[in-house]
1. Taking the stretch A:548-565 as the region of interest, how many residues are loosely packed, with under 15 Cβ neighbours inside 10 Å and over 47 Å from the mean Cα position of the chain (by Cα)?
2. From the residues in the stretch B:1-47 that are acidic (Asp, Glu) and either within 12 Å of ligand 1 (Cβ to nearest atom) or surrounded by fewer than 14 Cβ atoms within 10 Å (Cβ to Cβ) (or both), which one is nearest to the chain's Cα centre (by Cα)?
3. Looking at the stretch A:652-673, I want the residues that are among the acidic types (Asp, Glu) and have a partner that is surrounded by fewer than 24 Cβ atoms within 10 Å (Cβ to Cβ) and not in a helix (DSSP H, G or I) with Cβ atoms under 8 Å, at least 6 apart or on another chain. Which pairs are those?
4. From the list B:ARG131, B:ARG184, B:ARG194, which residue is under 27 Å from B:ILE69 (Cα atoms), charged (D, E, K, R) and within 14 Å of ligand 2 (Cβ to nearest atom)?
5. Scan the stretch B:159-172 residue by residue and report those that are hydrophobic (A, V, I, L, M, F, W, C) and within 14 Å of chain A (Cβ to nearest Cβ).
6. If you go through the stretch A:466-482 one residue at a time, do you hit one that is aromatic (Phe, Trp, Tyr) and within 27 Å of A:LEU732 (Cα to Cα)?
7. Just to be sure I understand the filter: pairs with C-beta atoms under 7 Å, separated by 6 or more residues or on different chains, first member in the stretch B:129-149 and within 9 Å of another protein chain (Cβ to nearest Cβ), second member part of a loop (DSSP other than H, G, I, E, B) and within 8 Å of ligand 2 (Cβ to nearest atom). Which pairs pass?
8. Among A:ALA412, A:ALA370, A:ALA364, A:ALA397, which is in contact (Cβ under 8 Å) with a residue 40 or more places away in the chain and not in a helix (DSSP H, G or I)?
Amino acid sequence: MTVRSIRHGDASDGGADAVGGRLSRVDGPAKITGAAKYAVEQQLEGLAHAVLVESTIASGKVRAIASKAAEAAPGVLKVLTPDTIISLRTASDWFGTPPPDKPYCPLARDITFSGQHVAAVVAETFEQAVAAAALVKVSYDETPAIVDLSDGKAGDGIPVDAMTKEWGDAQAAFASAPVRICAAYNTPREYQAPMEPHGLIARWEGDHLTVWEPSQWLDGMARTYAEWFGVPFENVRLVSPYIGGGFGSKALALGHGAVAACAAKMLGRPVRLVMTRPQTFTGYGGRAATRQTVTIGADHDGMIQSIVHRGVNETSIDGMWVEPLGSVTSIMYATPNFSSKQNVVRVNSVVPGAMRAPGENPSAFGIESAIDELSYEVGIDPLEIRLRNYAEQDPEAKKAWSTRQLREAFAAGAERFGWARRTPEPRSMRDGNQLIGWGVAAGTYPVRRAYGEAIVRILADGSVEVESSSIDMGQGTYTILAQTAAETVGVSADDVVVKLGDSRFPRAGVTGGSRLAGVMTGAVHKAATAALDQLVGLAISDPRSPFHALQANTLVVANGRITAPRGDGPDVSISELLESVGRDRIEAVGDTMPANSSAEDRYKNYTTIAMALPHTEGDYSRHSWCAHFVEVRVDEDFGTVRVSRVVSALDSGRLYNPKLAESQWKGGIIMGIGQALLEEGIMDRRHGRIVNNNLADYLVPTNADIPDIEVISVGIPDLHSSVLGGKGVGELAIVGMAPAIANAVFHATGKRVRDLPITLEKLI
Amino acid sequence: MRDFDYVRPATISEALVAAAEPGSAYLAGGTNLLDLMKGGVTSPERIVDITRLPELNRIETLDDGGLRIGALVRNADLAHDPAFAKAYPAVAEALLSGASAQLRNAATAGGNLLQRTRCSYFYDTASACNRREPGSGCSALGGENRLHAILGWSDACIATHPSDFCVPLVALDAVVEIEGKQGRRHVTLEEFHRLPGDTPQRETVLEPGELIVAIRLPAEAASFAAHARYLKMRERTSYAFAVVSAAAALTVRDGKIRAARLALGGVAAKPWRARAAEAVLLGADADEAAFVRAADAALADASPPGDNAFKIELARRIVVRTLMSALAGTPALMPALPASPFSSLPGVRHDA
Ligand SMILES: Cc1cc2nc3c(=O)[nH]c(=O)nc-3n(C[C@H](O)[C@H](O)[C@H](O)COP(=O)(O)OP(=O)(O)OC[C@H]3O[C@@H](n4cnc5c(N)ncnc54)[C@H](O)[C@@H]3O)c2cc1C
Ligand code: SF4
């Protein structure tokens, strides 16, 4: 893959070390050399190995589990079944809703999906456990399964009233609109497919549990483990130094974690359990399959009069997952009349989960395809029609945007892409056998805000240490927190050590919804400012300080040295100053919680998402925005699509580190190419069983599929969104990619594909 | 733990003795065998590691002008051998369109011929599969079969053979050199793989314990070098098996086709030599009309066992395009995206 980036509007003229600088990932060398030790790579004395046994039917009851042969197999320590596993309590959900007072068993008797954990084998070695697990024979009483949304038994589902959004009279306005389009858009089940599979090591010492597990949310997962086992929150320690990709799937403690922790408790030994790749397709939920109908009523100038949107997503038989399908529909374009409603349909699947931009992603596929269809209907350029219907304020909340650089994104992207040279007719651009198409689509993601906590220490050698229980799954937390502390204290980033991924550190909420950078730069900035104040205070007032005689009001700390503002006094390093005043460290805790927050508020903030601030809180509506311009080439005979060029302009506010932000955007764009062209969980309709449950058959893009990608930052600092002015980065760029590609495919071929992915048989 | 014996013979005859035990399997690059063992799809009782057999990793030119490829020659070494790629460009292109660089570095020529099907049910030990467990049934029939066979399938099994390498090889009359207790024998690649019939578990004509020692290409295989192409339709540009592929080799003089070879991949349980199409081409004008007739002939007997009817039309189009590009001439350089319809795109890197 060749990737080129342009620096543009990165809101900083600082060096690489400062906030806004292009510092390379500080964790890069450790990862490249293999020195980075991931959670399940810990070597522990007496480690035992657990392997899961899963249901092979999608619906029914376990009649019996024959485990004798497995128990007798070499090295086997225990076979866990619903009958033999210790009983747990139900934990609260991620809003912290008090759970029903009933036991929780991570091994199922009642089967609601194929691949459900029914038993586990623990043995001295992994190989012994695998072999013994194959000897466990489970018999079932099978009942008919609801395979997916298209199953005749699935029905219309359950209305989710909280998702209803309405203003004006959308139906009437649609009925009287001179131009009407109405179409249905479907997205399949998709999977996060992180390189590092899910897994953990659990170790009990008395009633204290330590869990080494890749985690997007240490405090949330620690709470769940604590509630399951009925031990105090403080007794659970989560350790998660690096995460090999999560994309939403590693935010919650899951059933396999409970199994491993039970096994460790029952055996009195640490236990490791790592999912096989196939198990990662059923051990937790991918993105729910969705169906949407979008109807747009407009006038002949393409001005939208009405949008009526109906959405459906699948959920599991006994779990509830709502993929908010009207989230982009309701804010992208100005419309006087609007109606959006959503149902969820129960199918025999694991409960779906969060996957990069849950809600916004499929939502954008609907509305951004539909407006493209409207543009052809009224004969207006697809970019022009978007500008005509530009929402000057949040149409739903009726509030001003905090910042919305979408017009700028359209302009910058179009200019760089050369959009003006596009010929409007479908099938009007070609190169030999290849039809060429150009498409555009917009994307958005709300700014999710929460609170965070960090400790900053200035140490005797002049280095600075930052600790936080937040995590780095490759997005760059280690790096931007080093930059924040370096800039705030006045040292080089090389002199900052950032420690993350241990729940004993000061706390952080979930790393998801693109909130972490804004939250944690704020907290580190605050703690570092407090540490700096202490340092300067000591230098000014401590009688042993070389600056004491100066009687200055303030001092300058830069490049690790302390000087007087006018440069007329001593010039000493931080370590010299600390030595002269007889201190081995300065330490400050900073958090961004309101000052009067109770201990209970704090606990709730870090262990649930109930305290997150709504993006429309106060006077503003806060979102990131983007515009994707895509060129595709479609082989006319074979229907194979190749994305041959991408230019995306994005507004994530101020970028704390443009290099890392660009990487995340490109990652989102690449994932969007996969979503548009490749990704789809394929079910065996007779057995409700996923067929392509491995990375050879579940296709994600390879380097050879990815063309030049150019990303342009058009953001400006947005201080309504975060302390330092950034908005969200990680989720944004995938939003709108699939419709941009589908729109380009239509322009190339004249065929509108409304069912993802766009595979060759849909085009030949 | 599933215990198995591991033996590492030093000579071919030791290997044959070691593999004479029932339940033995030869281990070459291991890229297929070890995956199947880890998944519980096969559980050999004895692994006979042939990777140290010195005489099997040579590429030799024979006195009659033919070529002999030792069974242990790595896919990457063969594809990147300059003399080989020049003489048999379609074979090199097919090799480079397969798997990934890492796998090609490990995979051997003999192993490639014997790789098992990628039918998902074959890999899923919870599903019925006649090929894995004779008599248990075929889950793909009536199940998920979008990528399954359109030629030569039976009600017992509708799987395809996934190799790219084998497709141009069968077109070029390759011969498999086999060593067994009875001595050495030669079987054409066209006859080497079996169609499923009632015994899909019997995938080739190899008898238990027999060893592939080499693959031979006859002298005339190199005579097509100027007009030989491989085209592979797949869902992503690298690291994916063919939905359908084709190899074509032509000799053209005065606008007429003097010799024609055509084979299809991803359509049957064996690499599919399209002899009826070759008959149509022989002596015909070298033009698209002839290629369309040839494609019709190649697919005349095709039928879909399920949801894969699109593959028949796709295969026709691929035949025509492959013949067109063979006619246009073998490119001087290996395309950056081997065997891809987008191989001529500018600005695409080789390192896929
Ligand atoms: C993810 C993935 C993607 C792939 N994609 C492609 C692709 O796109 N196109 C493609 O063509 N292939 C592809 N392959 C398959 C790959 O080419 C084969 O796995 C490889 O060629 C097998 O060779 P090997 O030496 O590793 O065989 P092994 O795994 O060692 O052996 C395979 C079988 O052959 C037997 N065997 C090996 N050598 C001999 C011998 N000399 N005599 C008798 N028996 C022998 C073994 O006992 C075993 O049964 C892919 C594989 C993987 C894992
Ligand atoms: S097609 Fe062949 S390999 Fe696949 S399930 Fe049927 S019998 Fe098994």
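1. Number satisfying all stated conditions: 2.
2. B:ASP35
3. Short answer, once both residue conditions are applied: A:GLU662/A:SER5.
4. Answer to the selection: B:ARG194.
5. Result: B:ALA159, single match.
6. Yes.
7. Short answer, once both residue conditions are applied: B:SER139/B:SER127; B:SER139/B:ALA128.
8. A:ALA397
The values are calculated or read from the model by the stated rules, or taken from the named source; none is laboratory data. Note that the structure is predicted; figures quoted are calculated from it, not measured. Glycine gets a Cβ as well: all are built from the backbone with ideal geometry, and neighbour counts include every protein chain shown.
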